[in-house]
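Notes to accompany the following structure.
The values are calculated or read from the model by the stated rules, or taken from the named source; none is laboratory data. Note that the structure is predicted; figures quoted are calculated from it, not measured. Heads up, the Cβs are rebuilt from the backbone with ideal geometry, glycines too, and the neighbour counts pull from every protein chain shown.
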Amino acid sequence: MSNDKLWISALGLDIGLKRVGIAGCDGTGLIATGITTLVRSSFDRDVAYLRELVRERRVQILVAGLPYSLSGELGAQARQVQKYANRIATALELPLEYVDERLTSVEAEELMKASGISPSQNNKGSIDRKAAALILQQWLDERRQNISALPNP
């Protein structure tokens, strides 16, 4: 497997009503890390902010977490996320993929607690960033497994 098949610059998005957690991956496409949290304001401002990140990081794809219900259905919140993510992807002219993000915010809180960080109101942005990193890491891992399963020419 060649590295050029594997390397990709992606942004992971944990989209909420008030904030968007944003994560990126390292140059090898192996490790996702939280970058920042965007406090949502107007759509145009959100796009301008994301456009700058996309330019700086040479992003090729957006990966958004989709909050399925525990029963595996797409509820109202998931449809809102899809609508916002599709508008962002269209505005940025980037492909968009989704990852099942059930319980990523809970997992992010648990990881923060394990690191000795209190998941208080003040740390909501940190939780969003960590959740975005978990979403992107899941996508990177699945992608790597799919690529390694391809037959070698």
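Quick notes
- Candidate set from the stretch 28-53 (those that are hydrophobic (A, V, I, L, M, F, W, C) and under 13 Å from the mean Cα position of the chain (by Cα)); member that is nearest to I88 (Cα to Cα): L50
- Where helices (runs of 4 or more DSSP H) fall wholly inside the stretch 14-130, the ranges with 3 or more residues that are modelled with pLDDT of 95 or more and buried (at least 16 other Cβ atoms within 10 Å of the Cβ) are 43-57, 76-92.
- Among the residues making up the stretch 78-92, those that are within 14 Å of L62 (Cα to Cα) and not charged (D, E, K, R) are V81, Q82, Y84, A85, N86, I88, A89, T90, A91, L92.
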